[in-house]
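Read through the structure below, which is laid out as structure tokens, and then see the notes.
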Amino acid sequence: MEHLSQFVQLIFSGLTIGSIYALIAIGFVITYNITGVLNFAQGEFAMLGAMICISMVSLGLSKILAVWISVLFVFIIGALFERVTIYPARHSSVPTLIIITIGVSIALRGIALLIWGTEPRSLSPFTEGGALNILGAVIQPQSLWAIGVSFLSLLLMYLFFEKTFTGKAVTACVINGFASRLMGIQPEKMSLISISISAALGAVGGIIIAPISGASYNMGLMLGMKAFIAAVIGGLSNAPAAIAGAMIIGILESFTEGLWTSGYKDAISFAVLLLVLFFLPNGIFAKISGKRV
């Protein structure tokens, strides 16, 4: 029974962190498929969402209102990021655009350092109360919030892309940008929408993880790298593959930390990335997604 409870504990822990990675990884996938650019500023959007939300709550705003304001604020930051940096350089080479996103990431981290300093900050849990006991495992309510909100966000994303005209236009640009232009769809406008939505998703991920592990000005770097690994494992081809990759990374990290040592969990993630790049460069779900070699 003890082994069962430990197994359940580690699974829930892995799903919790995997849900956070999934939200950020989807941003990588959406941006990459629309613009062809790997946006390495994606993790900083999560940091900004968490830090802005914590600041709003400290000013006396209700937590729900603070969450909405934070996500909206980061959505606007994402739109400005696309218009000011990506759009003017849209005809540049891909390496140039990637370097631009890295530069923006460093700049956002520096701005956050000036505003909030180096001290970690915390956000109170969304639900007050004690932990839950599930099959002998102790589960914090915030973990259920993380998993639930993440999958709700993913459901809303599915409805947006499959049931709305704008979402279908974005999807069309992903499938065939040239044909989309012939049909009157402007990929540049879709780029603005996709990067703004990706920023908002990243903000949601940052806000969710803040009550679990706290928030700091440099939290976005590692979150972004883990989400990038998840997206690469999925093949950078579609959102479901990125979600699966995020859950794999989350569970691997959880079991490494729980059964071995926390010092190796980052190494395990990057080792998985190298193995995928060496042996399955199109991602382990490339065949499922229909992506050709």
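A quick yes/no check of all residues on (1) crowded, with 22+ Cβ neighbours inside 10 Å; (2) modelled with pLDDT of 90 or more; (3) on the phi > 0 side of the Ramachandran plot; (4) assigned to a loop (DSSP other than H, G, I, E, B):
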{"residue": "PHE7", "(1), (2), (3), (4)": "no, no, no, no"}
{"residue": "ILE26", "(1), (2), (3), (4)": "yes, no, no, no"}
{"residue": "TYR32", "(1), (2), (3), (4)": "no, no, no, no"}
{"residue": "MET56", "(1), (2), (3), (4)": "no, yes, no, no"}
Q) Taking PHE73, is it assigned to a helix (DSSP H, G or I) and open to solvent by 10 Å² or more (accessible area, probe 1.4 Å)? A) yes
Q. From SER93, SER143, which residue is open to solvent by less than 80 Å² (accessible area, probe 1.4 Å), out of contact with any Gly (no Cβ under 7 Å at 6 or more places or on another chain) and over 24 Å from SER19 (Cα atoms)?
A. SER93
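Matching residues to (1) of a type outside the set (Lys, Arg); (2) touching a residue at least 24 places away in the same chain (Cβ under 8 Å); (3) in contact with a helix residue (DSSP H, G or I) (Cβ under 6 Å, 6 or more places away or on another chain); (4) buried (at least 23 other Cβ atoms within 10 Å of the Cβ):
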site	(1), (2), (3), (4)
LYS189	no, no, no, no
ILE208	yes, yes, yes, yes
LEU223	yes, yes, yes, yes
LYS226	no, yes, yes, yes
ALA239	yes, yes, yes, no
ILE243	yes, yes, yes, yes
LEU275	yes, no, no, no
Q. Exactly one of (1) closer than 29 Å to PRO240 by Cβ; (2) more than 13 Å from the chain's Cα centre (by Cα); (3) surrounded by 14 or more Cβ atoms within 10 Å (Cβ to Cβ) is unmet by ILE52. Its number?
A. (1)
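One line per residue, one yes/no per condition, for (1) crowded, with 16+ Cβ neighbours inside 10 Å; (2) without any contact (Cβ under 8 Å) to a residue 12 or more places away in the chain; (3) not in a loop (DSSP other than H, G, I, E, B):
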residue	(1), (2), (3)
ARG109	yes, no, yes
ALA112	yes, no, yes
THR127	no, no, no
VAL138	no, no, yes
ILE147	yes, no, yes
THR166	no, no, yes
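The values are calculated or read from the model by the stated rules, or taken from the named source; none is laboratory data. Remember, it's a predicted structure, so these values are computed and weren't measured experimentally. Virtual Cβ from ideal backbone geometry, glycine too; neighbours counted across all protein chains shown. With ligands, DNA and RNA removed, areas are computed over all heavy atoms of the protein, side chains included. Shrake-Rupley method; radii C 1.70, N 1.55, O 1.52, S 1.80 Å.
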